[in-house]
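These notes concern the structure reproduced below.
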Amino acid sequence: MKENRKIRFAKPEDAENILNIYQKYITDTAITFEMQVPSVLEFQNRMSKIMEQFPYLVCEMDGKVVGYAYASKHRERAAYQWSADLSIYIEETYHRQHIATMLYDKLIDLLKMQGYCTVYAGVTSPNPNSEAFHEAYGFETVGVFRNVGYKLGQWRDVKWYSLPVSEYPECPIQPRSIGNYSGN
């Protein structure tokens, strides 16, 4: 039987399922530089803050959350407002099933509708799977922050990727909140 896949907006009540995916990345890998697993309430608060402006998506397969992706502010200064950072995490047993592509496709479509022009992704390096995914998706390497983080007994690099997602208007308007599209 073929799995029923669905990409949808995350809801606050998804926080525990999303955190169950994320916590393995925190405790067992250097993929995220987060060191302590947050509480479900803290994680839910983070999600809510992000969802005020940006898309936060989950992928369900047969009703189970198996991956998630979201956008966030690239930098604080106003001139950066047309750029966003992307984050994506897939439950390990669901890797290589095109979930990341489905999530990024939807996430980027929403960001375009909101008025964003460029997206960025920071990937702890080495991370051959994520690096290959981002390069295959069309991202270009824009730089490497050498020894920018220390986790699991080693200094880690972060490779930054960039992807233009829409035209660069001469007089851009401020990006719209995702609430205009998601019912948030």
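The values are calculated or read from the model by the stated rules, or taken from the named source; none is laboratory data. Computed from a prediction, not measured in an experiment: that's the story for all the values here. With ideal geometry, Cβ positions are generated from the backbone for all residues, glycine too; neighbour counts draw on all protein chains shown.
Here are a few things to note about the model shown:
- Filtered by the rule that a residue be among the polar types (S, T, N, Q) and either in contact (Cβ under 8 Å) with a residue 60 or more places away in the chain or under 19 Å from L86 (Cα atoms) (or both), region 145-179 gives Q154, S162, S166, Q174, S177.
- Region 66-106: number of residues that are under 13 Å from K6 (Cα atoms), crowded, with 18+ Cβ neighbours inside 10 Å and over 11 Å from the mean Cα position of the chain (by Cα): 2
- Selection within region 56-111 - of a type in the set (G, A, S), over 23 Å from E16 (Cβ atoms) and not in a helix (DSSP H, G or I): S83, A84
- The set of residues in region 45-90 being among the aromatic types (F, W, Y) and within 17 Å of G179 (Cβ to Cβ) consists of F54, Y56, Y70.
- Residue within region 149-161 that is closer than 26 Å to V58 by Cβ, touching a Pro at 6+ places or on another chain (Cβ under 8 Å), of a type outside the set (S, T, N, Q) and buried (at least 17 other Cβ atoms within 10 Å of the Cβ) present: no
- Considering region 38-55, and only residues there that are surrounded by fewer than 16 Cβ atoms within 10 Å (Cβ to Cβ) and outside any helix (DSSP H, G or I), the residue that is nearest to the chain's Cα centre (by Cα) turns out to be E52.
- Residue among V119, V142 that alone is without any contact (Cβ under 8 Å) to a residue 60 or more places away in the chain, out of contact with any Lys or Arg (no Cβ under 7 Å at 6 or more places or on another chain), among the hydrophobic types (A, V, I, L, M, F, W, C) and surrounded by 18 or more Cβ atoms within 10 Å (Cβ to Cβ): V119
- S162 being at pLDDT 95 or above and of a type in the set (S, T, N, Q): yes
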